[in-house]
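The values are calculated or read from the model by the stated rules, or taken from the named source; none is laboratory data. Computed from a prediction, not measured in an experiment: that's the story for all the values here. Using ideal geometry, Cβ is built from the backbone for each residue, glycine included, and neighbour counts are taken over all protein chains shown.
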Amino acid sequence: MNRLILLIPSLAVATLSSLAADPLRVVATTPEFGAIAAEVGGDLVQVVSLAKPTEDAHFVDAKPSHAVKLARADMLVEGGAELEAGWLPPLLDNSRNVKLAAGQPGHVACAEGLALLEVPAALDRSKGDLHALGNPHYMTDPLNARFAAARIGEAFCTVDAAHADTYRARLAAFGKRLDERMAVWQRQLAPFQGRRVAAFHNSWPYFARRFGLKIDLFLEPKPGIPPTPAHLADVITTMKAEKVGVILLEPYQNRRTAETVAEKTGAAIVAVTQFPGGIKGTEAGYVEMMDANVAALAQALQGGEVGKGGRP
């Protein structure tokens, strides 16, 4: 009888312990937010991302499986700034998960409180795919990644207050690692202050501002509008005249178009990504992604082997 009395409390403690150990189920809209959530949360969270790292986050193929993941989630982390506006709202509606409703602790919109660039004075669809709140590609600036990490960490502490100290410690560790690498990235790109760089889409204004570059020449005539022969001819003329020697290309963008421009200008195509896992060597996380982007761009700008002949 005494043995039974001892066993029952022990079993109860074990059961409560296993329940307490269940991780927070976190759904991130895109992989960079997923990577940061995983780094801040560690073993206390289970993170899945809806968008693939090689997918255009403006046009994610919404699937029933995405709604199922949202229905089972404790928390949603999204970029906000209308990046996911075309596909996330119907998924949330179908999930019927009140924990993820706007304004709830389980809904984290990382752009809230962030001063965005390129806020249009008025929406004019003739100018392409504009965003009323500003350019949503803010995570290409590492300091904005720090801001997003703080938002995510704060939400974790609210939803899972019992582990707040752990979240805060992991957030501090991420911030320290980011600061250390930021100093390296600034040294790598410092020799190229003011240099002009071409890109396929206007994804890089925050990166350009942070590192003193001009990334304002695009293969798209307007955001989200496919390149036309006439526009590409103008781009080629400008690149030749100003000796613009680099074209930034993301995984989901039309490589053949970039190669046409590269062949006519002698520019280097540099493979870059906004999302961990988008290009080889970036799978581990946000910092590793930025390492790869900065190293590849710096090498191309100094006339290294990246992109010679238009092929990275």
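The table below gives the values:
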read-out	value
Residue 145 assigned to a helix (DSSP H, G or I), at pLDDT 95 or above and not polar (S, T, N, Q)	yes
Given (1) modelled with pLDDT of 95 or more; (2) surrounded by fewer than 20 Cβ atoms within 10 Å (Cβ to Cβ), index of the condition residue 303 fails	(1)
Residue match in segment 42-54 (condition: assigned to a helix (DSSP H, G or I), crowded, with 19+ Cβ neighbours inside 10 Å, in contact with a helix residue (DSSP H, G or I) (Cβ under 9 Å, 6 or more places away or on another chain) and at pLDDT 95 or above)	no
Qualifying residue in segment 82-99 (condition: in contact with a helix residue (DSSP H, G or I) (Cβ under 6 Å, 6 or more places away or on another chain), free of Cβ contacts under 8 Å to residues at least 40 places away in the same chain and in a loop (DSSP other than H, G, I, E, B))	yes
Residue 155 vs. criteria surrounded by fewer than 18 Cβ atoms within 10 Å (Cβ to Cβ) and not assigned by TED's automatic domain parsing to the domain that holds residue 285	no
Residues being in contact with a strand residue (DSSP E or B) (Cβ under 8 Å, 6 or more places away or on another chain), without any contact (Cβ under 8 Å) to a residue 40 or more places away in the chain and not in a strand (DSSP E or B) - total across segment 201-243	4
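One line per residue, one yes/no per condition, for (1) under 21 Å from residue 57 (Cβ atoms); (2) in contact with a Phe, Trp or Tyr (Cβ under 7 Å, 6 or more places away or on another chain); (3) in the same structural domain as residue 57 (by TED's automatic domain parsing); (4) at pLDDT 95 or above:
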residue: 230; (1), (2), (3), (4): no, no, no, yes
residue: 234; (1), (2), (3), (4): no, no, no, yes
residue: 245; (1), (2), (3), (4): no, no, no, yes
residue: 257; (1), (2), (3), (4): yes, no, no, yes
residue: 263; (1), (2), (3), (4): no, no, no, yes
residue: 270; (1), (2), (3), (4): yes, no, no, yes
residue: 273; (1), (2), (3), (4): yes, no, no, yes
residue: 276; (1), (2), (3), (4): yes, yes, no, yes
